[in-house]
2 protein chains.
Amino acid sequence: MNWHIKRNRLNVEELINEESLFFLGNGYLGVRGNFEEGYPDESPTIRGTYINAFHDIIDIPYGEKLYGFPDTQQKMLNVQDTQSVHIYLGEEEELYTLEQGQVLNYSRKLLLDEGSTAREIYWKSPLGKELNIRFERLVSFVHRELFMIKLTLIPVNFSGKLKVVSSVSGDVENYVNEEDPRVATGEAKRLHLSRLLVNEDVGYIESQAEVSRLLAGCMTRHYTDVNAEMSVYKDDHSKQLLFEYVWEAEESVPASLTKRTIFVDSLRHEGDLYEAAIQLQQSLEDWRDDELFHKQKEYMVQFWRHGDVRVGGDFKLQEGLRFNLYHLLQSVGRDSYSNISAKGLSGEGYEGHYFWDTEIYMFPVFLMIAPDLARKLLIYRYSILSHAKNRAAEMGHQQGALFPWRTISGKECSSYFPAGTAQYHISADIAYSYIQYYQATGDTDFLLDYGVELLVETARLWMDVGHLNKNGFSINNVTGPDEYTAIVNNNYYTNVMAKHNLIWAVKAYQLAKRKNSKRVKDLAETLCLTKEELEEFKQAAVTMNLPYDSQFGINPQDDTFLNKAVWDMKNTPADEFPLLLHFHPLTLYRYQVCKQADTVLAHFLLEDEQDFETIRNSYNYYEKITTHDSSLSTCVFSMMAAKLGDLEKAFHYFGDSARLDLDNMHGNTKDGLHMANMAGSFMAIVFGFAGLRIKENGLHFTPKLPEQWSDYSFHVHGQGQLISACVTSQYMRLKLIDANRPVEVHVNGLHYRIKPDETLKVFLAD
Amino acid sequence: MNWHIKRNRLNVEELINEESLFFLGNGYLGVRGNFEEGYPDESPTIRGTYINAFHDIIDIPYGEKLYGFPDTQQKMLNVQDTQSVHIYLGEEEELYTLEQGQVLNYSRKLLLDEGSTAREIYWKSPLGKELNIRFERLVSFVHRELFMIKLTLIPVNFSGKLKVVSSVSGDVENYVNEEDPRVATGEAKRLHLSRLLVNEDVGYIESQAEVSRLLAGCMTRHYTDVNAEMSVYKDDHSKQLLFEYVWEAEESVPASLTKRTIFVDSLRHEGDLYEAAIQLQQSLEDWRDDELFHKQKEYMVQFWRHGDVRVGGDFKLQEGLRFNLYHLLQSVGRDSYSNISAKGLSGEGYEGHYFWDTEIYMFPVFLMIAPDLARKLLIYRYSILSHAKNRAAEMGHQQGALFPWRTISGKECSSYFPAGTAQYHISADIAYSYIQYYQATGDTDFLLDYGVELLVETARLWMDVGHLNKNGFSINNVTGPDEYTAIVNNNYYTNVMAKHNLIWAVKAYQLAKRKNSKRVKDLAETLCLTKEELEEFKQAAVTMNLPYDSQFGINPQDDTFLNKAVWDMKNTPADEFPLLLHFHPLTLYRYQVCKQADTVLAHFLLEDEQDFETIRNSYNYYEKITTHDSSLSTCVFSMMAAKLGDLEKAFHYFGDSARLDLDNMHGNTKDGLHMANMAGSFMAIVFGFAGLRIKENGLHFTPKLPEQWSDYSFHVHGQGQLISACVTSQYMRLKLIDANRPVEVHVNGLHYRIKPDETLKVFLAD
């Protein structure tokens, strides 16, 4: 049984991290795991509830502002706080608090199999009353807008009055830490109360973001199984709603109170938000709490059926893996307004912005276990294509689409362009995800509807930013994924990804044309796309400058990377990592030192571009100079170590990544979970040990088993079918689930066709 | 007669520019040429009075702040406004203003030969009274703290009451324009009133800067030759002092009133500032106005005797040249607190910061015409050496001194590091000026006192930032003078200047040792300087990587400059210049396009590092891709065109630079004068047409005469002696003035020794 993340001891210092670990979300709504009753001794907290993509617009300050620097950025807002519940015992109205009295027992659980949390406290009041308190929480996967807290109270050694005051607050603000560049600065108080009202037992708070004018509303209603006296108060001054329940409790008899809140926003809900909330609230009236919990569990069963990864013989990794997949599911946006932010919906780090992590780290996971959610991520990018075209123009390009390095609504939010806008590769990364989607699903309609256009517009960017010189088609002055090197010429990663983008702009056009030549003709006209232009794409791809150094037999990260001095890793004290917090960027740029996989990542994504020798040499070279200061790094090194046959190393890197947040290894889990790294742990198994690659002719596996495990199994989708896979020391077993047609796969280079009712067992050589 | 800059017509739109053109200063104090009576119709104005280096400290905002980004910057403050004088006519007290009545005659003059301004208005009031008004102004070169306005009134067609209200205001703030990156943003109101008092006829205002806590005080007292009734008011609310003078005027009889203000500050004046001001004010009591004007004129006579440049046959250039030299004299700091800011004391552009312009453009002018002032500039840099060492440490260097790109008090003020801190060359530029000073003066004591230490500390920076690789000693990730290319490897300019720095660290040590081996031994101990280290300096210099491209026969600006696409200058519309206001820096960095001379400047500064062919090829290459968007560019191209024998082009570039501000060619003269460019116009003649180079073995000339001129003459100092030089089509004539020993010079490669009473005439070949 490792479906539950447990804490059996109240560790006050860890609570702020647990807020992230125990957060609940459904891609639309995210609620941090704060305590209903608050913390003892004013322990630090980031109390937060977020609606994906719900943001305000804030000014970006500059000491020296140059042309094309964004004036403003978007910032995900902390919305209304509905987490508070206070309990008063007896006629004396002793307040239950962790500061006083005695905690006789304590446990908290994140139920990965049920999609909820449960927290239980057995408390003895200063006057000796003993009470068992249970908080269960749910952010519904079935009812998008619903957040629910179910409180169950059992008086252990007394009967008499119990009072519960449940509150909702519109007086909220975002968290600020000016010292850490990884956490947002900027004004915190951006959400202003616009409506505060009570209608019988229903309370409603609506607030408006200062500049974006977006509205967020929350409607709260309680259900109880006891005969309680209820009063509702609203306090305009403190912007709060208070729901008070008083009843006569009986010793040993459980009483429950459920607080259901509906969150609505003006991005997704048309018309009056109050009306929308009322309707949603009413539609849930006939649902009992247990039915809601049950529906949630059903959803989870279905999810794990398609997504579970099992590792035989390693409890801790197993725990990390499921934990990671669960939080990915909770964070992924499911509409054209939203995506997965760097911290998901678990915290405010990186201000709720979406980065390239989505396409390179998280998208492949969903593509394999939940292709419908993967498709939603692509649609989001399509929805901001016009912004990307505008940004390209603003950046001086005659054509093409340059996707923002960080954004919510589609406009560039990065103010430090050398490690922001200069990361042009994000446009190729997005193109790559479109290509992967097609390769995994064979969905030509998608190419017609979205793919061709996006691939052509991104290809056009490369045509405009690059130029042909004696070294081939060159792309100058961009920054690759490794942010310890910036504004370089011919970053291998960028160039090889751009090449792929250019090739597939042409291929996608041809594939779509084969499917529906009439529509493609219209599309070409709309895009002013000519045969000549497609030919230019091809030529640029063919002549693409992919730096190669014959002395080391590696792909240098860029034209001049190898001319730099090598960072003295050995003599850098451990407390000077991550380097970015201890060295000026110029210092870092001056050395051969990498924050994260760059060329090595390119070799993972496009392994057929280089021979095995070059890939191996490069891995060995970069491994020595990579600090893994970015959480996006170790999973890539794990996958590549597996490819190169060094399973020990692959295992070591995998371990680092799989429990990064569970063990707070980067020390900043409080700001939110490292979503891309979480995805990386799935990738490290499926793309790493099992060697999955998604190629034009289907799924390819090169399975290996680390000696620490007895076996491992996982699920992937290919050509619309669900495949269950298991790897032991002797074989790889593949089986279709609920399939209606055969699927083509490759294992260790050999082609197989799996029929719906067959099990394929490929024996592995020693 | 072209010693006077005149305006005979009141052009309201030009007034804001004239504020800069007619500013008066003395290196300590600067007063813009605002009108005592104000402008008509609320015309735009930047009303300003500045004390060199008097600053506040303001926060630098960042959207994303990384390690080593400066938290704060210094900002030169606009201090108390003592420029206002209002005149009331007759019993009706008609206020003289340019908005009403009629201006019958108008003139304003900047008297370059007298060091003052005069403005005369013949005005007819709405009621028909005609008054002749004359304002004469002086910022004294003799009495550092004195600013004086002398008002002379002549009633033309009436007798009767005249009232003059002269005011001083402590309610001042800095100018802000958020749209233009070349003008400072940031909070404007930083100076707060701390004392406002009146003692008989003396008024005093003292104010304090918000964060730096620096104090500035101004004491005003009036002198008049009429029997006027005087009243003094102080208004705490409006932070003003008002001095009212009323008398019975007689038709046609001139009456004068002089307003003398003493400016003191806590940087230079010890003890109570009020006491200091009183003493200074009193020390001037016995000086009549005409004596003060006379002393000023004497100072100017002496200055021009050492500094005048004459051009036969070109009135407009002649005017520009003298205008430029005059303003340089007004702006150069004369103490260890101050230097010459980019706009001198003429305006607030660049916030009063000191840049590399001082060493590379302005210092050589003073070195030639006023070596005592040149020396002061070097002492200022020495005074901030400890800051430079701290900054090097902060930037991750184990040793050495990295001078701030922009500063007042010595701490780095640049917030956009790719075109700021990354311009490491400033440390070599400062070293270069130390070397030039020694070469021009032969002052070995200076090396002992300052030179060796500064040269060693800057040399150490290069040892730490650079490293030896297969291409030689390489310096990576710096930005050269051309800001349209940033963060590059082996910028030719930086490397060759670093080489010079390293060589001269060793030479200076040796020269100083020869002079006083005991002191040098102590110095070496203090600096922990060993023979081995000096040997390392030499080795680094010898192996310095100086990029050379054999295909073009040029020095590429950096390792990869030539791999970039060439900017399409021909198809860039005129209104898209300067490019920095129309393109993102990344766009500019991506092309072969230069804001200003970079390699070409290096070839000017260190011409012996390359052969003539390489220098010529480079000039031709870079000329095509240089926009001259920086005002520091054309003078360099002028000098190098002269060297290469293209006098037509040299003349053309010279013309551009010599009148840049007089004709407001960059459209931003209102923000202050382009001091470096002004110096550049002197250099274009003396270092350009006359071909002066300061080398180890004395002054070298390669004189040439542009065909537009009949002849030109100028002055230079060499080995402590003043030399008058004249170039005609046939000869160069050199003559010592007040000399006590012979001087060695080279003309066209031949060595000459000029004796104190001789005139050397070198005939020039056709």
Exercise. Please state which of the following conditions B:Gly313 fails to meet, knowing it meets all the rest: (1) open to solvent by 10 Å² or more (accessible area, probe 1.4 Å); (2) at pLDDT 95 or above.
Key: (2)
Quiz item: How many residues does segment A:739-763 hold that are touching a strand residue (DSSP E or B) at 6+ places or on another chain (Cβ under 6 Å), outside any strand (DSSP E or B) and open to solvent by 30 Å² or more (accessible area, probe 1.4 Å)?
Solution: 2
Quiz item: Which of the following residues is farther than 30 Å from A:Ser207 by Cβ and touching a strand residue (DSSP E or B) at 6+ places or on another chain (Cβ under 7 Å): A:Leu292, A:Leu317, A:Leu273?
Solution: A:Leu317
Exercise. Return a yes/no flag: does segment B:599-613 have any residue that is within 14 Å of chain A (Cβ to nearest Cβ), open to solvent by 10 Å² or more (accessible area, probe 1.4 Å) and not in a helix (DSSP H, G or I).
Key: no
Quiz item: Taking segment A:490-516, which residues are open to solvent by 10 Å² or more (accessible area, probe 1.4 Å) and either assigned to a loop (DSSP other than H, G, I, E, B) or polar (S, T, N, Q) (or both)?
Solution: A:Gln510, A:Asn516
Exercise. Inspect all residues belonging to segment B:427-447 and state whether any of them is within 14 Å of chain A (Cβ to nearest Cβ), among the small types (Gly, Ala, Ser) and touching a strand residue (DSSP E or B) at 6+ places or on another chain (Cβ under 9 Å).
Key: no
Quiz prompt | The listed residue being within 14 Å of another protein chain (Cβ to nearest Cβ) and over 21 Å from B:Asp482 (Cα atoms), out of B:Ala374, B:Ala370, B:Ala393 | solution = B:Ala393
Exercise. Give the residues of segment B:708-738 that are surrounded by 16 or more Cβ atoms within 10 Å (Cβ to Cβ) and β-branched (Val, Ile, Thr), sorted by residue number.
Key: B:Val716, B:Ile723, B:Val727, B:Thr728
Exercise. Give the residue, chosen from A:Ile554, A:Ile503, that is under 27 Å from A:Thr614 (Cα atoms), more than 14 Å from every other protein chain (Cβ to nearest Cβ) and within 32 Å of the chain's Cα centre (by Cα).
Key: A:Ile503
Quiz item: How many of the residues making up segment A:614-640 are open to solvent by 10 Å² or more (accessible area, probe 1.4 Å), at pLDDT below 95 and out of contact with any Lys or Arg (no Cβ under 7 Å at 6 or more places or on another chain)?
Solution: 4
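Residue-by-condition table, conditions (1) over 19 Å from the mean Cα position of the chain (by Cα); (2) assigned to a helix (DSSP H, G or I); (3) modelled with pLDDT of 95 or more:
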| site | (1), (2), (3) |
| --- | --- |
| A:Asp372 | no, yes, yes |
| A:Arg381 | no, yes, yes |
| A:Ala392 | yes, yes, yes |
| A:Lys411 | yes, no, yes |
| A:Ile430 | no, yes, yes |
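Yes or no: segment B:196-203 includes at least one residue that is open to solvent by 50 Å² or more (accessible area, probe 1.4 Å) and in a strand (DSSP E or B).
Taking segment B:196-203 first, the residues open to solvent by 50 Å² or more (accessible area, probe 1.4 Å) are B:198-200.
So of that shortlist, the ones also in a strand (DSSP E or B) come out as B:198-199.
Yes, the conditions are met somewhere in segment B:196-203.
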Practice problem: Taking the residues in segment A:467-477 that are open to solvent by less than 40 Å² (accessible area, probe 1.4 Å) and among the hydrophobic types (A, V, I, L, M, F, W, C) as candidates, determine which candidate is nearest to the other protein chains (Cβ to nearest Cβ). | Solution: A:Ile475
Quiz item: Looking at segment A:36-90, which of the residues that are of a type in the set (Asp, Glu) and away from chain B (no Cβ under 14 Å) is nearest to A:Glu130 (Cα to Cα)?
Solution: A:Glu37
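Among the residues of segment A:557-589, which ones are facing another protein chain (nearest Cβ under 7 Å) and in a strand (DSSP E or B)? Don't jump to the end; show me each part of the working.
The initial filter retains those residues of segment A:557-589 that are facing another protein chain (nearest Cβ under 7 Å), namely A:559-560, A:563-565, A:580-587, A:589.
The answer is A:Ala565, and nothing else.
Please go through segment B:86-105 and pick out each residue that is open to solvent by 10 Å² or more (accessible area, probe 1.4 Å) and of a type outside the set (Asp, Glu).
B:His86, B:Tyr88, B:Leu95, B:Thr97, B:Leu98, B:Gln100, B:Gly101, B:Gln102, B:Val103, B:Leu104, B:Asn105
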Exercise. Sort through A:Arg221, A:Arg182 and tell me the only one that's modelled with pLDDT of 95 or more, open to solvent by 10 Å² or more (accessible area, probe 1.4 Å) and of a type outside the set (Phe, Trp, Tyr).
Key: A:Arg221
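Within segment A:456-466, identify whether any single residue is more than 14 Å from chain B (Cβ to nearest Cβ) and farther than 22 Å from B:His584 by Cα, and answer yes or no. Walk me through how you get there before you give the answer.
Taking segment A:456-466 and keeping what is more than 14 Å from chain B (Cβ to nearest Cβ), we get A:456-460.
Then drop every residue that is not farther than 22 Å from B:His584 by Cα, which leaves A:456.
Looking for residues that are more than 14 Å from chain B (Cβ to nearest Cβ) and farther than 22 Å from B:His584 by Cα, one finds at least one in segment A:456-466, hence yes.
Any residue at all in segment A:706-721 that is of a type in the set (A, V, I, L, M) and either more than 18 Å from the chain's Cα centre (by Cα) or more than 28 Å from A:Tyr432 (Cβ to Cβ) (or both)?
Step one: of segment A:706-721, the residues of a type in the set (A, V, I, L, M) are A:716.
The next check asks that each one be either more than 18 Å from the chain's Cα centre (by Cα) or more than 28 Å from A:Tyr432 (Cβ to Cβ) (or both); those that pass are A:716.
Scanning segment A:706-721 turns up at least one residue that is of a type in the set (A, V, I, L, M) and either more than 18 Å from the chain's Cα centre (by Cα) or more than 28 Å from A:Tyr432 (Cβ to Cβ) (or both).
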Practice problem: Kindly provide the set of residues from segment B:40-60 that are out of contact with any helix residue (DSSP H, G or I) (no Cβ under 8 Å at 6 or more places or on another chain), open to solvent by less than 10 Å² (accessible area, probe 1.4 Å) and modelled with pLDDT under 95, ordered by number. | Solution: B:Ile58
Quiz prompt | Considering residues of segment B:401-418 that are out of contact with any Phe, Trp or Tyr (no Cβ under 7 Å at 6 or more places or on another chain) and away from every other protein chain (no Cβ under 13 Å) only, the residue farthest from B:Asp71 (Cα to Cα) | solution = B:Ala401
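If only one of A:Asp225, A:Asp235 is more than 26 Å from A:Val142 (Cα to Cα) and either free of Cβ contacts under 8 Å to residues at least 60 places away in the same chain or basic (Lys, Arg) (or both), which one is it? Write out each step before concluding.
Details: A:Asp225 fails: more than 26 Å from A:Val142 (Cα to Cα).
Of A:Asp225, A:Asp235, the one residue that is more than 26 Å from A:Val142 (Cα to Cα) and either free of Cβ contacts under 8 Å to residues at least 60 places away in the same chain or basic (Lys, Arg) (or both) is A:Asp235.
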Practice problem: Determine, yes or no, whether B:Tyr50 is under 23 Å from B:Glu120 (Cβ atoms) and not in a loop (DSSP other than H, G, I, E, B). | Solution: no
Self-check item: Candidates A:Gln539, A:Gln596, filtered to the one that is open to solvent by less than 40 Å² (accessible area, probe 1.4 Å) and at pLDDT 95 or above
Solution: A:Gln596
Quiz item: Filtering segment B:376-430 down to residues that are of a type in the set (S, T, N, Q) and within 11 Å of B:Leu454 (Cα to Cα), which residue is surrounded by the most Cβ atoms within 10 Å (Cβ to Cβ)?
Solution: B:Ser427
Quiz item: If you scan segment B:237-246, which residues turn out to be at negative phi and in contact with a strand residue (DSSP E or B) (Cβ under 6 Å, 6 or more places away or on another chain)?
Solution: B:Gln240, B:Leu241, B:Leu242, B:Phe243, B:Glu244, B:Tyr245, B:Val246
Quiz item: With respect to A:Ser20, is the statement that it is more than 30 Å from B:Glu412 (Cα to Cα), touching a helix residue (DSSP H, G or I) at 6+ places or on another chain (Cβ under 6 Å) and surrounded by fewer than 21 Cβ atoms within 10 Å (Cβ to Cβ) true?
Solution: no
Quiz prompt | Residues of segment B:542-577 satisfying the condition of being polar (S, T, N, Q), more than 28 Å from A:Asp464 (Cβ to Cβ) and surrounded by fewer than 20 Cβ atoms within 10 Å (Cβ to Cβ) | solution = B:Thr543, B:Ser550
Exercise. Within segment A:478-489, count every residue that is closer than 26 Å to A:Ala508 by Cα and open to solvent by 10 Å² or more (accessible area, probe 1.4 Å).
Key: 0
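The values are calculated or read from the model by the stated rules, or taken from the named source; none is laboratory data. None of the values given here were measured: they were computed from a predicted structure. Backbone-built Cβ (ideal geometry, glycine too); neighbour counts: all protein chains shown. In case anyone asks, the SASA skips ligands and DNA or RNA and just uses the protein heavy atoms, side chains included. Shrake-Rupley method; radii C 1.70, N 1.55, O 1.52, S 1.80 Å.
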